[in-house]
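Engineer: Pasting in a structure now, in C-alpha coordinates, and then I'll have a few things to ask.
The values are calculated or read from the model by the stated rules, or taken from the named source; none is laboratory data. The structure presented is a predicted model; accordingly, all values stated were derived computationally and were not measured. Here the Cβ is made from the backbone with ideal geometry for all residues, glycine too, and neighbour counts use every protein chain on show. Surface accessibility is based on the protein's heavy atoms, side chains included, excluding ligands, DNA and RNA. Shrake-Rupley method; radii C 1.70, N 1.55, O 1.52, S 1.80 Å.
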Amino acid sequence: MLTGGSVVYFGCWLAITVCLLLHQATSSSPVQLDEALLNKYPSVGDGDGMYTSSADLEGLLITEAEVVENLQNYLVAEYARLQKLEKMLEDYKVLRDRAKRSSEKFIGNPIDSFLLIKKLTSDWNSIQDLVKGEGDNFLKNITFEREYMGLRWPKNEDLNGAAVGLIRLQDTYRLDTSSLAEGVLNGKYYGPGLTAQDCFELGRQSYNNGDYFHTNIWMDEALKQLQKEHDKSIKRSDILEYLAFAAYKTGNLRKAAKLTVELVSLEPDHPRAHGNLDYYKRELENHGASLIQRGEDGLGDPDEAVNVMKELRNREAELGEERSSYEKLCRGEDFISEKKRSKLICSYNYGHHPFMKLSPAKMEEVYDKPRIVVFHDIISNEEIDTIKELATPRFKRATVQNQMTGELETASYRVSKTAWLKEKEHDNVGRIYRKANHLTGLNMETSEELQVSNYGIGGHYEPHFDFARREEKNAFASLGTGNRIATWLMYESDVEQGGATVFPHLGISLKPKKGSVVFWYNLLANGEGDEMTRHAACPVLAGTKWVSNFWIHERGQEFTRPCSTDPNI
(Lines give C-alpha, C1' and ligand atoms only; values in the text may rest on other atoms or scores of the structure.)
Protein backbone atom coordinates (compact mmCIF):
# COMPACT_ATOMS: atom_id res chain seq x y z
CA MET A 1 0.00 0.00 0.00
CA LEU A 2 1.33 3.44 -0.97
CA THR A 3 1.95 5.95 1.80
CA GLY A 4 1.07 9.62 1.44
CA GLY A 5 4.68 10.46 0.62
CA SER A 6 4.85 7.64 -1.92
CA VAL A 7 1.69 8.91 -3.62
CA VAL A 8 3.17 12.40 -3.90
CA TYR A 9 6.45 10.99 -5.24
CA PHE A 10 4.62 8.78 -7.74
CA GLY A 11 2.47 11.77 -8.82
CA CYS A 12 5.55 13.89 -9.56
CA TRP A 13 7.23 11.03 -11.41
CA LEU A 14 4.10 10.51 -13.49
CA ALA A 15 3.80 14.23 -14.32
CA ILE A 16 7.42 14.40 -15.50
CA THR A 17 7.05 11.15 -17.48
CA VAL A 18 3.89 12.42 -19.23
CA CYS A 19 5.68 15.64 -20.14
CA LEU A 20 8.61 13.66 -21.54
CA LEU A 21 6.34 11.44 -23.63
CA LEU A 22 4.32 14.41 -24.86
CA HIS A 23 7.45 16.26 -25.83
CA GLN A 24 8.89 13.24 -27.65
CA ALA A 25 5.65 12.86 -29.59
CA THR A 26 5.85 16.42 -30.88
CA SER A 27 9.56 17.07 -31.05
CA SER A 28 12.37 15.61 -33.12
CA SER A 29 14.78 15.55 -30.15
CA PRO A 30 14.26 14.42 -26.55
CA VAL A 31 13.71 17.05 -23.84
CA GLN A 32 16.74 17.94 -21.68
CA LEU A 33 15.69 18.50 -18.05
CA ASP A 34 17.86 20.63 -15.79
CA GLU A 35 19.65 17.95 -13.70
CA ALA A 36 20.96 20.55 -11.25
CA LEU A 37 17.42 21.63 -10.42
CA LEU A 38 16.24 18.05 -10.12
CA ASN A 39 19.08 17.24 -7.72
CA LYS A 40 18.26 20.33 -5.67
CA TYR A 41 14.86 18.90 -4.80
CA PRO A 42 15.52 15.21 -4.05
CA SER A 43 12.91 15.10 -1.28
CA VAL A 44 9.82 15.36 -3.43
CA GLY A 45 7.59 12.74 -1.95
CA ASP A 46 9.49 12.33 1.31
CA GLY A 47 7.25 14.70 3.25
CA ASP A 48 3.61 14.47 4.32
CA GLY A 49 2.47 16.57 1.37
CA MET A 50 3.99 18.91 -1.17
CA TYR A 51 1.65 21.70 -0.16
CA THR A 52 3.23 21.74 3.30
CA SER A 53 6.66 22.84 2.12
CA SER A 54 7.67 25.89 0.13
CA ALA A 55 10.80 23.98 -0.96
CA ASP A 56 8.65 21.22 -2.42
CA LEU A 57 6.36 23.76 -4.07
CA GLU A 58 9.39 25.42 -5.60
CA GLY A 59 10.36 22.04 -7.01
CA LEU A 60 7.00 21.86 -8.78
CA LEU A 61 8.07 24.82 -10.88
CA ILE A 62 10.21 22.37 -12.88
CA THR A 63 7.12 20.33 -13.69
CA GLU A 64 5.05 23.39 -14.53
CA ALA A 65 7.75 24.79 -16.83
CA GLU A 66 7.99 21.46 -18.67
CA VAL A 67 4.20 21.30 -19.05
CA VAL A 68 4.22 24.78 -20.58
CA GLU A 69 7.04 23.92 -23.00
CA ASN A 70 5.57 20.59 -24.05
CA LEU A 71 2.04 21.89 -24.38
CA GLN A 72 3.37 24.74 -26.48
CA ASN A 73 5.25 22.28 -28.69
CA TYR A 74 2.11 20.19 -29.02
CA LEU A 75 0.02 23.21 -30.06
CA VAL A 76 2.64 24.29 -32.60
CA ALA A 77 2.54 20.82 -34.14
CA GLU A 78 -1.26 20.80 -34.01
CA TYR A 79 -1.50 24.21 -35.67
CA ALA A 80 0.89 23.03 -38.36
CA ARG A 81 -1.25 19.94 -38.93
CA LEU A 82 -4.43 22.01 -39.15
CA GLN A 83 -2.76 24.49 -41.50
CA LYS A 84 -1.81 21.63 -43.80
CA LEU A 85 -5.40 20.39 -43.72
CA GLU A 86 -6.71 23.90 -44.35
CA LYS A 87 -4.37 24.31 -47.34
CA MET A 88 -5.50 20.98 -48.76
CA LEU A 89 -9.13 21.95 -48.23
CA GLU A 90 -8.57 25.17 -50.19
CA ASP A 91 -7.00 23.18 -53.02
CA TYR A 92 -10.03 20.87 -53.08
CA LYS A 93 -12.36 23.87 -53.13
CA VAL A 94 -10.51 25.46 -56.05
CA LEU A 95 -10.90 22.26 -58.07
CA ARG A 96 -14.57 21.96 -57.07
CA ASP A 97 -15.33 25.56 -58.06
CA ARG A 98 -13.59 25.12 -61.43
CA ALA A 99 -15.76 22.07 -62.09
CA LYS A 100 -18.93 23.96 -61.08
CA ARG A 101 -18.37 26.59 -63.76
CA SER A 102 -18.50 23.92 -66.50
CA SER A 103 -18.15 20.24 -65.78
CA GLU A 104 -17.70 19.45 -69.50
CA LYS A 105 -14.83 21.91 -69.89
CA PHE A 106 -13.35 20.71 -66.61
CA ILE A 107 -13.36 17.05 -67.65
CA GLY A 108 -12.15 18.04 -71.12
CA ASN A 109 -9.02 19.59 -69.60
CA PRO A 110 -6.48 16.76 -69.04
CA ILE A 111 -4.70 18.76 -66.33
CA ASP A 112 -7.92 19.18 -64.33
CA SER A 113 -8.78 15.51 -64.86
CA PHE A 114 -5.36 14.37 -63.66
CA LEU A 115 -5.57 16.61 -60.58
CA LEU A 116 -9.09 15.37 -59.82
CA ILE A 117 -7.88 11.77 -59.66
CA LYS A 118 -4.75 12.80 -57.77
CA LYS A 119 -6.86 14.64 -55.15
CA LEU A 120 -8.81 11.45 -54.50
CA THR A 121 -5.81 9.09 -54.39
CA SER A 122 -2.35 10.22 -53.26
CA ASP A 123 -3.60 13.52 -51.77
CA TRP A 124 -6.42 11.70 -50.00
CA ASN A 125 -3.89 9.34 -48.42
CA SER A 126 -2.11 12.39 -46.97
CA ILE A 127 -5.38 13.70 -45.54
CA GLN A 128 -6.10 10.36 -43.92
CA ASP A 129 -2.70 10.45 -42.21
CA LEU A 130 -3.33 13.99 -40.96
CA VAL A 131 -6.77 13.31 -39.48
CA LYS A 132 -6.13 9.92 -37.88
CA GLY A 133 -7.30 9.91 -34.29
CA GLU A 134 -8.96 13.32 -34.24
CA GLY A 135 -10.82 12.67 -37.51
CA ASP A 136 -11.83 9.03 -37.11
CA ASN A 137 -15.55 9.83 -37.44
CA PHE A 138 -14.88 11.82 -40.61
CA LEU A 139 -13.01 8.87 -42.12
CA LYS A 140 -15.74 6.44 -41.05
CA ASN A 141 -18.40 8.56 -42.78
CA ILE A 142 -16.42 8.67 -46.02
CA THR A 143 -15.76 4.91 -45.85
CA PHE A 144 -19.45 4.22 -45.27
CA GLU A 145 -20.45 6.37 -48.24
CA ARG A 146 -17.89 4.61 -50.43
CA GLU A 147 -18.87 1.08 -49.44
CA TYR A 148 -22.64 1.35 -48.97
CA MET A 149 -23.87 4.53 -50.67
CA GLY A 150 -22.13 4.07 -54.03
CA LEU A 151 -19.78 7.05 -53.74
CA ARG A 152 -17.36 6.68 -56.67
CA TRP A 153 -13.70 6.60 -55.81
CA PRO A 154 -10.60 6.19 -58.00
CA LYS A 155 -7.87 3.65 -57.31
CA ASN A 156 -4.10 3.93 -57.52
CA GLU A 157 -4.22 2.34 -60.96
CA ASP A 158 -6.43 5.26 -62.06
CA LEU A 159 -3.79 7.71 -60.88
CA ASN A 160 -1.15 5.80 -62.80
CA GLY A 161 -3.35 5.68 -65.90
CA ALA A 162 -4.07 9.41 -65.65
CA ALA A 163 -0.35 10.18 -65.38
CA VAL A 164 0.46 7.91 -68.32
CA GLY A 165 -2.33 9.56 -70.33
CA LEU A 166 -1.02 13.06 -69.61
CA ILE A 167 2.50 12.02 -70.58
CA ARG A 168 1.13 10.40 -73.76
CA LEU A 169 -0.34 13.79 -74.67
CA GLN A 170 2.99 15.42 -73.90
CA ASP A 171 4.83 13.05 -76.25
CA THR A 172 2.28 12.89 -79.07
CA TYR A 173 1.76 16.66 -79.27
CA ARG A 174 5.32 17.60 -78.28
CA LEU A 175 4.23 19.68 -75.31
CA ASP A 176 6.93 21.59 -73.48
CA THR A 177 7.18 20.37 -69.88
CA SER A 178 7.33 23.83 -68.29
CA SER A 179 4.42 25.09 -70.41
CA LEU A 180 2.35 22.06 -69.48
CA ALA A 181 3.17 22.66 -65.81
CA GLU A 182 1.89 26.23 -66.24
CA GLY A 183 -1.42 24.96 -67.66
CA VAL A 184 -0.64 25.70 -71.33
CA LEU A 185 -1.66 23.12 -73.96
CA ASN A 186 -0.33 23.67 -77.47
CA GLY A 187 0.13 27.39 -76.89
CA LYS A 188 -3.31 27.95 -75.32
CA TYR A 189 -3.78 28.52 -71.60
CA TYR A 190 -6.25 26.16 -69.96
CA GLY A 191 -4.95 26.13 -66.39
CA PRO A 192 -4.50 25.31 -63.64
CA GLY A 193 -0.76 25.27 -63.09
CA LEU A 194 0.86 22.29 -61.44
CA THR A 195 2.53 22.51 -58.04
CA ALA A 196 5.92 20.99 -57.31
CA GLN A 197 4.10 18.10 -55.66
CA ASP A 198 1.93 17.57 -58.77
CA CYS A 199 5.04 17.45 -60.97
CA PHE A 200 6.66 15.11 -58.46
CA GLU A 201 3.66 12.76 -58.72
CA LEU A 202 3.97 12.64 -62.51
CA GLY A 203 7.66 11.84 -62.09
CA ARG A 204 6.94 9.23 -59.44
CA GLN A 205 4.39 7.45 -61.61
CA SER A 206 6.87 7.47 -64.50
CA TYR A 207 9.49 5.99 -62.16
CA ASN A 208 7.06 3.24 -61.08
CA ASN A 209 6.55 2.41 -64.77
CA GLY A 210 10.30 2.21 -65.43
CA ASP A 211 10.12 5.35 -67.59
CA TYR A 212 13.24 7.15 -66.39
CA PHE A 213 13.29 9.74 -69.18
CA HIS A 214 9.99 11.22 -68.00
CA THR A 215 11.04 10.71 -64.38
CA ASN A 216 13.99 13.00 -65.10
CA ILE A 217 12.10 15.77 -66.83
CA TRP A 218 9.19 15.85 -64.36
CA MET A 219 11.42 15.72 -61.27
CA ASP A 220 13.50 18.54 -62.80
CA GLU A 221 10.27 20.48 -63.29
CA ALA A 222 9.28 19.74 -59.69
CA LEU A 223 12.52 21.41 -58.52
CA LYS A 224 11.78 24.45 -60.70
CA GLN A 225 8.26 24.78 -59.33
CA LEU A 226 9.51 24.28 -55.77
CA GLN A 227 11.78 27.32 -56.09
CA LYS A 228 8.74 29.46 -56.93
CA GLU A 229 6.62 28.25 -54.01
CA HIS A 230 6.38 30.21 -50.77
CA ASP A 231 4.55 27.40 -48.99
CA LYS A 232 6.47 24.35 -50.14
CA SER A 233 4.21 21.56 -51.39
CA ILE A 234 6.92 18.90 -51.05
CA LYS A 235 10.38 18.45 -49.58
CA ARG A 236 13.33 19.02 -51.88
CA SER A 237 14.93 15.87 -50.52
CA ASP A 238 12.00 13.74 -51.75
CA ILE A 239 12.52 15.02 -55.28
CA LEU A 240 16.31 14.59 -55.15
CA GLU A 241 16.12 10.91 -54.28
CA TYR A 242 14.01 10.03 -57.32
CA LEU A 243 15.96 12.36 -59.58
CA ALA A 244 19.28 10.84 -58.51
CA PHE A 245 18.14 7.30 -59.18
CA ALA A 246 16.64 8.28 -62.55
CA ALA A 247 19.96 9.90 -63.48
CA TYR A 248 21.74 6.68 -62.52
CA LYS A 249 19.33 4.54 -64.55
CA THR A 250 19.87 6.74 -67.61
CA GLY A 251 23.66 6.48 -67.35
CA ASN A 252 24.56 9.76 -65.63
CA LEU A 253 26.49 8.43 -62.64
CA ARG A 254 28.12 11.70 -61.74
CA LYS A 255 24.81 13.56 -61.69
CA ALA A 256 23.32 10.80 -59.53
CA ALA A 257 26.22 11.13 -57.07
CA LYS A 258 26.08 14.92 -56.95
CA LEU A 259 22.32 14.92 -56.29
CA THR A 260 22.79 12.33 -53.54
CA VAL A 261 25.50 14.48 -51.90
CA GLU A 262 22.93 17.28 -51.70
CA LEU A 263 20.35 14.83 -50.37
CA VAL A 264 22.71 13.77 -47.56
CA SER A 265 23.39 17.40 -46.67
CA LEU A 266 19.64 18.04 -46.37
CA GLU A 267 18.87 14.81 -44.51
CA PRO A 268 21.95 13.33 -42.80
CA ASP A 269 19.85 10.50 -41.36
CA HIS A 270 18.22 9.52 -44.65
CA PRO A 271 17.83 5.72 -44.61
CA ARG A 272 19.07 5.09 -48.17
CA ALA A 273 21.15 8.10 -49.23
CA HIS A 274 24.50 7.08 -47.69
CA GLY A 275 24.40 3.59 -49.17
CA ASN A 276 23.43 4.95 -52.58
CA LEU A 277 26.19 7.54 -52.48
CA ASP A 278 28.82 4.92 -51.59
CA TYR A 279 27.62 2.80 -54.50
CA TYR A 280 27.73 5.69 -56.99
CA LYS A 281 31.25 6.62 -55.88
CA ARG A 282 32.46 3.04 -56.27
CA GLU A 283 30.97 2.88 -59.75
CA LEU A 284 32.67 6.15 -60.67
CA GLU A 285 36.00 4.80 -59.42
CA ASN A 286 35.49 1.59 -61.39
CA HIS A 287 35.15 3.75 -64.49
CA GLY A 288 38.29 5.66 -63.62
CA ALA A 289 36.35 8.82 -62.80
CA SER A 290 35.59 10.89 -59.72
CA LEU A 291 32.74 13.00 -58.50
CA ILE A 292 34.38 16.29 -59.45
CA GLN A 293 36.05 15.14 -62.67
CA ARG A 294 34.79 16.51 -65.99
CA GLY A 295 35.40 15.13 -69.43
CA GLU A 296 34.10 12.85 -72.13
CA ASP A 297 34.05 9.68 -70.07
CA GLY A 298 30.46 8.70 -70.89
CA LEU A 299 29.32 9.35 -67.35
CA GLY A 300 27.48 12.58 -68.06
CA ASP A 301 27.83 16.06 -66.68
CA PRO A 302 26.07 16.60 -63.32
CA ASP A 303 25.09 20.12 -64.34
CA GLU A 304 23.71 19.08 -67.71
CA ALA A 305 19.91 19.00 -67.91
CA VAL A 306 18.19 16.25 -69.84
CA ASN A 307 18.42 17.08 -73.54
CA VAL A 308 14.71 16.76 -74.27
CA MET A 309 14.86 17.33 -78.02
CA LYS A 310 17.67 14.80 -78.37
CA GLU A 311 15.68 12.25 -76.42
CA LEU A 312 12.58 12.95 -78.52
CA ARG A 313 14.56 12.46 -81.73
CA ASN A 314 15.90 9.17 -80.38
CA ARG A 315 12.37 8.18 -79.42
CA GLU A 316 11.02 8.93 -82.91
CA ALA A 317 13.82 6.89 -84.47
CA GLU A 318 12.85 3.96 -82.26
CA LEU A 319 9.13 4.33 -82.98
CA GLY A 320 9.38 3.42 -86.64
CA GLU A 321 7.85 5.02 -89.71
CA GLU A 322 4.21 4.16 -89.03
CA ARG A 323 4.19 5.43 -85.46
CA SER A 324 6.05 8.58 -86.47
CA SER A 325 3.51 9.22 -89.26
CA TYR A 326 0.65 8.56 -86.83
CA GLU A 327 1.90 11.17 -84.36
CA LYS A 328 2.57 13.73 -87.12
CA LEU A 329 -0.99 13.32 -88.34
CA CYS A 330 -2.27 13.67 -84.78
CA ARG A 331 -0.51 17.05 -84.69
CA GLY A 332 -2.26 18.02 -87.93
CA GLU A 333 0.75 17.49 -90.20
CA ASP A 334 -1.07 15.93 -93.18
CA PHE A 335 1.16 14.66 -95.97
CA ILE A 336 -1.35 13.86 -98.73
CA SER A 337 -0.08 15.28 -102.02
CA GLU A 338 -1.69 18.41 -103.42
CA LYS A 339 -2.16 16.60 -106.73
CA LYS A 340 -4.26 13.92 -105.07
CA ARG A 341 -6.09 16.42 -102.89
CA SER A 342 -7.08 18.48 -105.93
CA LYS A 343 -8.95 15.52 -107.42
CA LEU A 344 -11.17 14.99 -104.38
CA ILE A 345 -14.72 16.28 -104.70
CA CYS A 346 -17.78 17.22 -102.65
CA SER A 347 -21.22 16.19 -103.88
CA TYR A 348 -24.69 15.07 -102.86
CA ASN A 349 -25.25 11.39 -102.19
CA TYR A 350 -28.72 10.04 -103.05
CA GLY A 351 -28.18 6.77 -101.24
CA HIS A 352 -30.24 3.60 -101.70
CA HIS A 353 -33.72 4.64 -100.55
CA PRO A 354 -36.43 6.66 -102.33
CA PHE A 355 -36.62 9.13 -99.45
CA MET A 356 -33.04 10.20 -100.11
CA LYS A 357 -34.00 11.44 -103.57
CA LEU A 358 -35.79 14.24 -101.72
CA SER A 359 -33.17 14.70 -99.00
CA PRO A 360 -29.70 13.73 -100.24
CA ALA A 361 -26.69 13.66 -97.94
CA LYS A 362 -23.78 16.07 -98.24
CA MET A 363 -20.74 13.95 -99.04
CA GLU A 364 -17.07 14.94 -98.94
CA GLU A 365 -14.49 12.68 -100.54
CA VAL A 366 -11.32 12.62 -98.41
CA TYR A 367 -9.43 9.88 -100.29
CA ASP A 368 -9.91 8.02 -103.55
CA LYS A 369 -8.21 4.61 -103.27
CA PRO A 370 -9.29 3.34 -100.84
CA ARG A 371 -12.37 5.52 -101.13
CA ILE A 372 -13.05 7.25 -97.83
CA VAL A 373 -15.95 9.69 -97.56
CA VAL A 374 -17.46 11.92 -94.89
CA PHE A 375 -21.23 12.39 -94.75
CA HIS A 376 -22.06 15.69 -93.08
CA ASP A 377 -25.01 16.51 -90.77
CA ILE A 378 -26.27 12.92 -90.61
CA ILE A 379 -26.82 12.37 -86.89
CA SER A 380 -29.13 14.73 -84.96
CA ASN A 381 -28.50 16.15 -81.49
CA GLU A 382 -31.53 14.23 -80.22
CA GLU A 383 -30.12 10.95 -81.50
CA ILE A 384 -26.71 11.75 -79.99
CA ASP A 385 -28.27 12.54 -76.61
CA THR A 386 -30.11 9.22 -76.66
CA ILE A 387 -26.92 7.32 -77.47
CA LYS A 388 -25.03 8.98 -74.61
CA GLU A 389 -27.86 8.43 -72.14
CA LEU A 390 -28.20 4.72 -72.96
CA ALA A 391 -24.47 4.01 -73.20
CA THR A 392 -23.13 5.78 -70.10
CA PRO A 393 -24.39 3.32 -67.43
CA ARG A 394 -23.12 0.38 -69.48
CA PHE A 395 -19.59 1.59 -70.13
CA LYS A 396 -16.79 -0.93 -69.71
CA ARG A 397 -13.10 -0.75 -70.56
CA ALA A 398 -12.61 -1.16 -74.32
CA THR A 399 -11.15 -4.47 -75.47
CA VAL A 400 -9.27 -5.81 -78.47
CA GLN A 401 -9.26 -9.28 -79.97
CA ASN A 402 -6.30 -11.53 -79.29
CA GLN A 403 -4.88 -12.52 -82.68
CA MET A 404 -4.16 -16.09 -81.63
CA THR A 405 -7.18 -17.01 -79.49
CA GLY A 406 -9.85 -14.64 -80.74
CA GLU A 407 -10.62 -13.76 -77.11
CA LEU A 408 -11.31 -10.16 -76.06
CA GLU A 409 -8.81 -8.47 -73.75
CA THR A 410 -7.78 -4.98 -72.62
CA ALA A 411 -4.63 -3.41 -74.07
CA SER A 412 -2.57 -0.28 -73.48
CA TYR A 413 -2.84 0.67 -77.15
CA ARG A 414 -6.62 1.06 -76.84
CA VAL A 415 -7.71 3.26 -73.95
CA SER A 416 -11.39 4.19 -73.78
CA LYS A 417 -14.70 2.85 -72.54
CA THR A 418 -17.35 1.31 -74.73
CA ALA A 419 -20.95 0.13 -74.70
CA TRP A 420 -23.15 -1.63 -77.26
CA LEU A 421 -26.67 -0.62 -78.34
CA LYS A 422 -29.24 -2.81 -80.09
CA GLU A 423 -31.43 -1.55 -82.92
CA LYS A 424 -34.75 -2.15 -81.19
CA GLU A 425 -34.05 -0.67 -77.78
CA HIS A 426 -34.90 2.91 -78.80
CA ASP A 427 -36.44 4.58 -81.85
CA ASN A 428 -33.50 6.97 -82.18
CA VAL A 429 -31.03 4.07 -82.18
CA GLY A 430 -33.12 2.20 -84.75
CA ARG A 431 -33.18 5.32 -86.91
CA ILE A 432 -29.36 5.32 -87.03
CA TYR A 433 -29.32 1.68 -88.16
CA ARG A 434 -31.70 2.62 -90.97
CA LYS A 435 -29.63 5.66 -91.99
CA ALA A 436 -26.58 3.44 -92.38
CA ASN A 437 -28.56 1.10 -94.61
CA HIS A 438 -30.09 3.91 -96.68
CA LEU A 439 -26.78 5.65 -97.29
CA THR A 440 -24.57 2.63 -97.97
CA GLY A 441 -27.05 0.07 -99.29
CA LEU A 442 -25.47 -2.51 -97.00
CA ASN A 443 -27.46 -5.09 -95.05
CA MET A 444 -27.37 -4.14 -91.35
CA GLU A 445 -28.82 -7.44 -90.12
CA THR A 446 -25.35 -8.99 -89.92
CA SER A 447 -23.65 -5.85 -88.62
CA GLU A 448 -22.26 -5.83 -85.11
CA GLU A 449 -24.30 -3.75 -82.70
CA LEU A 450 -23.73 -0.01 -82.52
CA GLN A 451 -20.54 0.45 -80.49
CA VAL A 452 -20.34 3.67 -78.44
CA SER A 453 -16.91 4.89 -77.29
CA ASN A 454 -15.92 7.67 -74.92
CA TYR A 455 -12.29 8.72 -74.42
CA GLY A 456 -10.74 9.94 -71.15
CA ILE A 457 -7.32 11.40 -70.27
CA GLY A 458 -5.00 10.63 -73.18
CA GLY A 459 -7.51 8.07 -74.47
CA HIS A 460 -6.54 6.70 -77.87
CA TYR A 461 -6.53 3.72 -80.22
CA GLU A 462 -3.20 3.15 -81.93
CA PRO A 463 -2.94 2.12 -85.62
CA HIS A 464 -5.02 -0.99 -86.31
CA PHE A 465 -7.15 -2.76 -88.91
CA ASP A 466 -10.87 -3.20 -88.50
CA PHE A 467 -10.84 -6.39 -90.59
CA ALA A 468 -9.43 -9.75 -89.55
CA ARG A 469 -6.26 -10.77 -91.35
CA ARG A 470 -5.63 -14.23 -92.77
CA GLU A 471 -3.79 -15.48 -89.72
CA GLU A 472 -6.58 -14.34 -87.41
CA LYS A 473 -8.69 -17.41 -88.14
CA ASN A 474 -10.66 -17.27 -84.91
CA ALA A 475 -11.73 -13.64 -85.30
CA PHE A 476 -15.52 -13.28 -85.64
CA ALA A 477 -15.89 -17.07 -85.81
CA SER A 478 -18.54 -16.95 -83.11
CA LEU A 479 -20.57 -14.43 -85.13
CA GLY A 480 -20.73 -16.56 -88.27
CA THR A 481 -21.08 -13.46 -90.44
CA GLY A 482 -17.72 -13.36 -92.20
CA ASN A 483 -15.20 -10.54 -92.12
CA ARG A 484 -15.85 -6.85 -91.51
CA ILE A 485 -16.54 -5.51 -94.97
CA ALA A 486 -17.02 -1.82 -94.05
CA THR A 487 -16.78 0.69 -91.19
CA TRP A 488 -19.34 3.41 -90.39
CA LEU A 489 -17.84 5.86 -87.86
CA MET A 490 -20.03 8.58 -86.32
CA TYR A 491 -18.76 11.65 -84.45
CA GLU A 492 -20.99 12.68 -81.55
CA SER A 493 -18.98 15.61 -80.25
CA ASP A 494 -16.66 18.30 -81.51
CA VAL A 495 -13.16 18.02 -80.06
CA GLU A 496 -11.31 21.21 -79.22
CA GLN A 497 -7.79 19.83 -79.70
CA GLY A 498 -6.60 16.40 -80.79
CA GLY A 499 -8.77 13.30 -81.11
CA ALA A 500 -8.47 13.04 -84.91
CA THR A 501 -9.01 9.87 -86.91
CA VAL A 502 -5.84 9.34 -88.94
CA PHE A 503 -4.70 6.98 -91.70
CA PRO A 504 -0.89 6.73 -91.41
CA HIS A 505 -0.36 5.09 -94.81
CA LEU A 506 -2.54 7.63 -96.62
CA GLY A 507 -1.37 10.80 -94.86
CA ILE A 508 -4.85 12.07 -93.97
CA SER A 509 -6.20 13.33 -90.68
CA LEU A 510 -9.95 13.76 -90.03
CA LYS A 511 -10.98 16.15 -87.28
CA PRO A 512 -14.15 15.06 -85.42
CA LYS A 513 -17.22 17.07 -86.35
CA LYS A 514 -20.39 16.47 -84.39
CA GLY A 515 -23.13 14.81 -86.44
CA SER A 516 -20.89 13.65 -89.31
CA VAL A 517 -20.09 10.10 -90.40
CA VAL A 518 -16.91 8.65 -91.95
CA PHE A 519 -17.37 5.59 -94.16
CA TRP A 520 -14.98 3.23 -95.93
CA TYR A 521 -14.68 -0.36 -97.12
CA ASN A 522 -12.17 -2.56 -95.31
CA LEU A 523 -12.01 -5.31 -97.93
CA LEU A 524 -10.87 -5.38 -101.54
CA ALA A 525 -13.03 -6.81 -104.30
CA ASN A 526 -11.34 -10.22 -103.90
CA GLY A 527 -12.24 -10.36 -100.19
CA GLU A 528 -8.72 -9.66 -98.95
CA GLY A 529 -8.19 -6.94 -96.36
CA ASP A 530 -7.17 -3.52 -97.67
CA GLU A 531 -4.07 -2.69 -95.64
CA MET A 532 -4.25 0.95 -96.68
CA THR A 533 -7.30 1.32 -94.41
CA ARG A 534 -5.09 0.98 -91.31
CA HIS A 535 -6.17 3.84 -89.05
CA ALA A 536 -5.97 5.20 -85.51
CA ALA A 537 -7.73 7.42 -82.99
CA CYS A 538 -5.40 10.16 -81.71
CA PRO A 539 -5.44 11.04 -78.00
CA VAL A 540 -7.75 13.89 -77.03
CA LEU A 541 -5.68 16.89 -76.00
CA ALA A 542 -8.54 19.17 -74.94
CA GLY A 543 -12.28 18.60 -74.95
CA THR A 544 -14.33 15.41 -74.91
CA LYS A 545 -14.68 12.79 -77.62
CA TRP A 546 -17.71 10.62 -78.23
CA VAL A 547 -17.91 8.33 -81.26
CA SER A 548 -20.05 5.39 -82.35
CA ASN A 549 -19.46 2.87 -85.09
CA PHE A 550 -20.94 -0.02 -87.00
CA TRP A 551 -18.71 -2.83 -88.18
CA ILE A 552 -20.68 -4.18 -91.14
CA HIS A 553 -20.00 -7.81 -92.09
CA GLU A 554 -19.85 -9.74 -95.39
CA ARG A 555 -22.74 -12.14 -94.84
CA GLY A 556 -25.99 -11.00 -96.41
CA GLN A 557 -24.49 -8.41 -98.75
CA GLU A 558 -25.34 -8.28 -102.46
CA PHE A 559 -23.26 -6.42 -105.06
CA THR A 560 -23.57 -5.81 -108.77
CA ARG A 561 -20.04 -4.34 -108.89
CA PRO A 562 -16.83 -4.59 -106.82
CA CYS A 563 -17.56 -3.06 -103.41
CA SER A 564 -14.34 -1.01 -103.25
CA THR A 565 -15.20 0.89 -106.45
CA ASP A 566 -18.93 1.50 -105.96
CA PRO A 567 -19.36 5.02 -107.43
CA ASN A 568 -22.31 5.81 -105.18
CA ILE A 569 -20.23 5.28 -102.03
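Engineer: Tally up the carbon and sulfur contribution to the accessible surface of the stretch 441-521 as a whole percent, 1.4 Å probe, everything protein left in place.
Structural biologist: On the way: 1160 of 2640 Å².
Carbon and sulfur: 44 percent of the exposed surface of the stretch 441-521.
Engineer: Any idea of the accessible area per residue across the stretch 380-465, 1.4 Å probe, to the nearest Å²?
Structural biologist: With all protein chains present, the stretch 380-465 gives 50 Å² per residue.
Engineer: By a straight-distance test (C-alpha under 23 Å), which lysines pair with Lys100 as possible cross-link partners, with residues fewer than eight away in the same chain excluded?
Structural biologist: Those lysines meeting the cut-off are Lys87, Lys118, Lys119, Lys188, Lys388, Lys545.
Engineer: What ranking, highest mean first, results for peptides 71-80, 231-240 when packing means the other Cβ atoms within 10 Å averaged over each residue? Please list the in-between numbers first.
Structural biologist: Values: 71-80: 12.6, 231-240: 17.1.
Highest-to-lowest ranking by the protection proxy: 231-240, 71-80.
Engineer: List residues of the stretch 207-242, by number, whose backbone nitrogen lies under 19 Å from a label position 7 Å along Cα→C-beta of His274.
Structural biologist: 237-238, 241
Engineer: Another question, if that's okay. Provide the packing ranking of 144-151, 420-427, 213-220, 120-127, i.e. peptides ordered by the mean count of other C-beta atoms within 10 Å per residue, highest first.
Structural biologist: Working: 144-151: 9.9, 420-427: 13.9, 213-220: 24.9, 120-127: 16.4.
Most protected by this proxy first, the peptides run 213-220, 120-127, 420-427, 144-151.
Engineer: Which lysines have a Cα lying under 22 Å from the Cα of Lys249, excluding residues fewer than 8 positions away in the same chain?
Structural biologist: In chain and number order, the partners are Lys224, Lys258, Lys281, Lys310.
Engineer: Using a 1.4 Å probe, what is the accessible area per residue for the stretch 50-178, in Å²? List each step's numbers first, then the result.
Structural biologist: Details: 7830 Å² over 129 residues.
On a per-residue basis, the stretch 50-178 sits at 61 Å².
Engineer: Quick one: check the C-alpha center-to-center distance for the stretch 387-448 versus the stretch 93-135, whole angstrom.
Structural biologist: With the stretch 387-448 and the stretch 93-135 each reduced to a Cα centre, they are spaced 33 Å.
Engineer: OK, next. So how far, in whole Å, is the C-alpha centre of the stretch 192-239 from the one of the stretch 486-503?
Structural biologist: Their Cα centres are 34 Å away from one another.
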